[in-house]
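Novice: What follows is a single structure, and I will ask about it in a moment.
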Amino acid sequence: MELKGKNIEELALLVSAQLKSRGVEVVAVGGFVAAHYSSYRYLTKDVDFVDITYQTKKLQAAMAEAGFTRRGKNYFHPDTEFTLEFPPGPLSVGDELVIKTATLERDGVVMRMLSASDIVKDRLAAFIHWRDNQALAQAVAIMIKQNLGLEDFLGFAEKEGGPVQKNALIKHYQDETSRSHEK
Amino acid sequence: MFVLKGVLRAESQERILIFLLARGRGYAKGIADFYSASLTPIQAQLSRLEADGVVVGRQVGGIREFEINPRYFFREELLVLLQKALSAYPEEVREALLMDRRRPRSRHKPVQFFDKNQGAS
C-alpha cells in the first residue's frame, strides 16, 4: 500500500477500503473522528477502527499484506507517521450499541465512522470515566461546529456520570458559546 | 478455586476479575500474592483482558494498576456474574478479599494488633 505523503484522512480511507476488500468491515471511532468533526481543531496521529465483523485473523492478515507491522496494540507502516489501532467491539457509546453510522466519501472511496452525535457521546464518556478534560473540550467543540443542541447530551452525561459531570458540560458549553459570540 | 470454569478461559482470569471486583483496583504482584499464585499467568491474563477492553491499566509510580474498565460494554452484566461467583467462594476468602484496610494510616503511627482474647497489645 502506497502511503507516502498521505494525510490521516487519506490513510484511514485506504486502510478501510483495503480491509473491506478482504472481508473485514470497520468503523472509525475515537480521536480521529473527533478531529474530523471539529474540522481538525484537535489533531491526532492515530486512527482507531472497531472491527464490526469480528474477523481478527483476516484483519491481521490484511494489515500485514498492506505492509503494517504490529507492536502492542498499534500498527505501524514505514511510509507514514500515523498509527492504527483496533479497539475491541462491540461498537458502542456508553452502554448504548451504535446501530447507525455515518460515512465519509472521497474520490469514490467510502468509509464508515461514528456520527457527530455519537462521537460527542464517546468524548463525553472519556471525560466522565478518565476525567479527561480535553475530551470535554472536544465534545463541546464538535457540538458547536456541527450545530448539535446541548440538551441532546444532558441525559447521557447524567446517566453515564452524574449531576457533577452534567453541570461541567453545561458550564463548558456556555463558556465556549459566549466566547465564540464575543469573537 | 475456579467457580466460573466453563465460562472463563483460565483460573487466573477469574482470580483477577474477582480481585478487582472486591478491591476496585489491583496490580499483578498484589493479585498473585493474595492468591499465593505465580506472577506470570496473572500478568499474561491481565494483558489479554486489557487488550480485550475488559480491564484498563494505568501507571501509578512504578507499578501498573488495573481496574475493570468503566467503559466496557458488558460491564454491568459482568459485575452481576462476578458478584454471584464471589458469593460462592468460601467465607474466609470472601472476607480476606473484602476486608482489606483502605483508610489512610499516618506515617509514624505504630501498628496495633488486636488479640480477641487479651485486647489490644
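Novice: Can you compute the FRET efficiency between B:LEU78 and A:GLN134 using 1/(1 + (r/R0)^6), with r the Cβ-Cβ distance and R0 = 35 Å? Round to the nearest 0.05.
Specialist: For R0 = 35 Å, the calculated efficiency reads 0.75.
Novice: Across the range A:1-131, how many lysine pairs separated by 8 or more positions, or lying on different chains, have Cα atoms within less than 20 Å?
Specialist: 10
Novice: Project the alpha carbons of chain A onto their principal axes and report the range along each, largest first, in whole Å.
Specialist: That gives 48, 35, 29 Å along the principal axes, largest extent first.
Novice: If you don't mind, there's one more thing I want to ask. Which value does Rg/Rh take for the range B:37-85 over its C-alpha atoms, Rh per Kirkwood?
Specialist: Here the Rg-to-Rh quotient is 1.01.
Novice: Using only the alpha-carbon atoms, how far is helix B:11-23 inclined from the longest principal axis of chain B? Give it as 0 to 90 degrees, nearest 10.
Specialist: Rounded to the nearest ten degrees, it is 50.
Novice: What is the local net charge at B:GLN43, summed over the other residues whose Cβ is closer than 14 Å to its Cβ (Lys, Arg +1; Asp, Glu -1)?
Specialist: Overall, the nearby charge balance is +1.
Novice: Expressed as an acute angle from 0 to 90° and rounded to the nearest 10, what is the orientation of the C-alpha long axis of helix A:151-160 relative to the principal long axis of chain A?
Specialist: In chain A, helix A:151-160 runs at an angle near 80 degrees to the longest axis.
Novice: For a quick check: with amide H placed at 1.01 Å from N, whose amide H comes under 5 Å from A:MET113's, ignoring anything fewer than 5 positions away on the same chain?
Specialist: Hits under the 5 Å cutoff: A:ALA28, A:ALA102, A:THR103, A:LEU104.
Novice: Provide a whole-number value for the mean count of partner chain Cβ atoms within 10 Å of the Cβ atoms in peptide A:12-24.
Specialist: Values: counts 0, 0, 0, 0, 0, 0, 0, 0, 0, 0, 0, 0, 0.
Partner-chain Cβ atoms within 10 Å, mean over residues of A:12-24: 0.
Novice: How high is the FRET efficiency between B:ARG23 and A:ASP95 when r is their beta carbon distance and R₀ equals 22 Å, given to the nearest 0.05?
Specialist: Rounded to the nearest 0.05, the efficiency is 0.40.
Novice: Treating the range A:80-183 as a set of equal point scatterers at the Cα positions, no solvent, please give the Debye-formula log₁₀ I(q)/I(0) at q = 0.15, 0.22 Å⁻¹.
Specialist: Log-scaled intensity ratios, in q order: -0.69, -1.21.
Novice: May I ask you to order B:51-63, B:11-23 by the average number of other C-beta atoms within 10 Å around their residues, highest value first?
Specialist: B:11-23, B:51-63
Novice: When the chain is fully extended, how far beyond the present Cα-Cα distance does B:SER38 get from B:GLU50, taking 0.36 nm per residue of separation?
Specialist: Working: separation 12, 0.36 × 12 = 4.32 nm, distance 1.91 nm.
Fully extending the segment from B:SER38 to B:GLU50 adds 2.4 nm.
Novice: Quick one: net charge around B:GLY57, please, counting Lys, Arg +1 and Asp, Glu -1 for every other residue with C-beta under 11 Å from its C-beta.
Specialist: With Lys, Arg at +1 and Asp, Glu at -1, the neighbours total 0.
Novice: Once fully extended, how much extra length lies between A:TYR54 and A:GLU151, figured as 0.36 nm per residue of separation less the alpha-carbon to alpha-carbon distance?
Specialist: 31.5 nm
Novice: Enter the angle in degrees (range 0 to 90, nearest 10) between the Cα long axis of helix A:116-130 and the first principal axis of the Cα atoms of chain A, meaning the one along which they spread out most.
Specialist: Around 80 degrees separate the two axes.
Novice: Follow-up question, since we're still on this one. Let me know the shape class of the range A:62-114, please: from the alpha-carbon gyration tensor, a ≥ b ≥ c as square roots of the eigenvalues, rounded when a/c is under 1.5, otherwise prolate if a/b is greater than b/c, or oblate.
Specialist: Working: a/c = 2.85, a/b = 1.38, b/c = 2.06.
Oblate is the answer for the range A:62-114, as a/c is 1.5 or above yet b/c matches or exceeds a/b.
Novice: Right, another one. Which order, highest average first, do A:77-90, A:123-136 follow once you tally other Cβ atoms within 10 Å for each residue and take the mean per peptide?
Specialist: Ranked from most to least packed, the peptides come out as A:123-136, A:77-90.
Novice: Here's something else I'd like to know. What is the mean number of Cβ atoms from other protein chains located within 10 Å of the Cβ atom of each residue in peptide A:82-92, rounded to a whole number?
Specialist: 2
Novice: Report the relative contact order of chain B, percent, no decimals, based on alpha-carbon pairs under 8 angstrom and at least 6 residues apart.
Specialist: Value for chain B: 23 percent.
Novice: What order do you get for A:96-105, B:87-96 when each peptide is scored by the mean count of other beta carbon atoms within 10 Å, highest first?
Specialist: A:96-105, B:87-96
Novice: Can you give me the relative contact order of chain A as a percent, contacts being Cα pairs under 8 Å and 6 or more apart?
Specialist: 20 percent
Novice: Rounded to the nearest 0.05, what FRET efficiency do B:LEU98 and A:ARG179 give with R0 = 35 Å and r taken as the Cβ-Cβ distance? Could you check?
Specialist: 0.15
Novice: Moving on to the next point. Dipole magnitude of chain B about its Cα centre, charges +1 at Lys/Arg Cβ and -1 at Asp/Glu Cβ only, in debye to the nearest 20?
Specialist: Here the size comes out at about 500 debye.
Novice: Can you check what the net charge comes to around A:SER16, using other residues whose Cβ is under 15 Å from the Cβ of A:SER16 (Lys, Arg +1; Asp, Glu -1)?
Specialist: -4
Novice: Grab the Cα-Cα distance for A:LYS4 and A:ASP46, subtract it from 0.36 nm times how many residues apart they are, and report the gain in nm with one decimal.
Specialist: Length gained between A:LYS4 and A:ASP46: 13.5 nm.
Novice: Just report the Cα centroid separation between the range A:114-137 and the range A:12-32, whole Å.
Specialist: Rounded to whole Å, the Cα centres lie 22 Å apart.
Novice: Here's something else I'd like to know. Label the range A:1-44 by shape, choosing from rounded, prolate and oblate, from the square roots a ≥ b ≥ c of the eigenvalues of the Cα gyration tensor; if a/c is under 1.5 it is rounded, and otherwise prolate applies when a/b is larger than b/c, oblate when it is not.
Specialist: In terms of gyration-tensor shape, oblate.
None of the figures in this text is laboratory data; all of them are computed from the coordinates on show. The model shown is predicted, which means the values in this text are computed figures rather than measured ones. Heads up, the Cβs are rebuilt from the backbone with ideal geometry, glycines too, and the neighbour counts pull from every protein chain shown.
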